[in-house]
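The values are calculated or read from the model by the stated rules, or taken from the named source; none is laboratory data. Note that the structure is predicted; figures quoted are calculated from it, not measured. All Cβ positions, even for glycine, are placed from backbone atoms using ideal geometry, and neighbour counts span all protein chains on display.
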Amino acid sequence: MPEAKIAPSILAGDFANLEFECKRMMKSGSDWLHIDIMDGHFVPNLTIGAPVVTCIRGTLPKGESFFDCHMMVSEPEKWVGDFAKAGGDLYCFHYEATSNPEALIDQIHAAGMKAGCAIKPKTPASAVYGLVPKLDMVLVMTVEPGFGGQKFMMDCMPKVEALRAKFPDLDIEVDGGLSINTIDFAADAGANVIVAGTGVFKANDPQEAISQLREAVNKRQLK
Ligand code: DX5
Ligand code: ZN
């Protein structure tokens, strides 16, 4: 299994102080920053777009921090160029939002970013099996995308298990409701990239929360 990566979701941070919040997470030991892009169409919520990512990138140079852009948008093909220019490192589109995922993956790679594919809770893992050879990551959503602070959906774990059994070296990310209370289920299923919004940002000690999440994933690797 590839190494643990902890990716705090800045959606749970204070948007009036994004620079401070991102740096707070980096100093607390996060590996990636998870940036939730919502268009009010693919999901019933609006967040931020490429101009905001450009501003954050201006405060955290490339190489110092890895921007994991979770694109909860219809027509993900439309924004690849803008997010590459804004300094995105990984562009994770939703399987449900595109009719030609293979072409989109090529487009993302041609723009110089890593490509991830996310599946909603009702989308089977098998939907992405054929894409994995081209992908850098698969994101198994553990809540319905759209909002932070929702309850972790345990019934998504068999999808993580199935993906891990088939693809031992794949980066498998989980997103939604992850915290110290739920991490063991995700880690046991084989997830190694852990998104946590509320679980890290609202923790009394984010550094401790991040290291506990990492520890749980690493413990599973030794099994
Ligand atoms: C939900 C987003 C998540 C969200 C996670 O649609 O994709 O990244 O911020 O937040 P928590 O960890 O609070 O469930
Ligand atoms: Zn997300």
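Of all residue pairs spaced 6 or more apart or on separate chains, none has beta-carbon atoms under 9 Å together with a first member in segment 139-163 that is under 14 Å from Glu173 (Cα atoms) and a second member that is within 16 Å of ligand 2 (Cβ to nearest atom) and modelled with pLDDT under 95. Taken over segment 189-220, the residue count meeting the criterion of being away from ligand 2 (no atom under 13 Å from the Cβ), assigned to a loop (DSSP other than H, G, I, E, B) and under 21 Å from Gly149 (Cα atoms) is 6.
Looking across segment 116-128, just one residue is surrounded by fewer than 15 Cβ atoms within 10 Å (Cβ to Cβ) and within 16 Å of ligand 1 (Cβ to nearest atom), and that is Lys122.
Scanning segment 129-152 for residues that are surrounded by 15 or more Cβ atoms within 10 Å (Cβ to Cβ), assigned to a loop (DSSP other than H, G, I, E, B) and not hydroxyl-bearing (Ser, Thr, Tyr) turns up Leu131, Leu135, Asp136, Val143, Pro145, Gly146, Phe147, Gly148, Gln150, Phe152.
Just need a number here: residues in segment 50-82 that are small (Gly, Ala, Ser) and under 16 Å from the mean Cα position of the chain (by Cα). The total comes to 1.
Restricting Val43, Val52 to residues that are within 16 Å of ligand 2 (Cβ to nearest atom), surrounded by fewer than 19 Cβ atoms within 10 Å (Cβ to Cβ) and hydrophobic (A, V, I, L, M, F, W, C) narrows the list to Val52.
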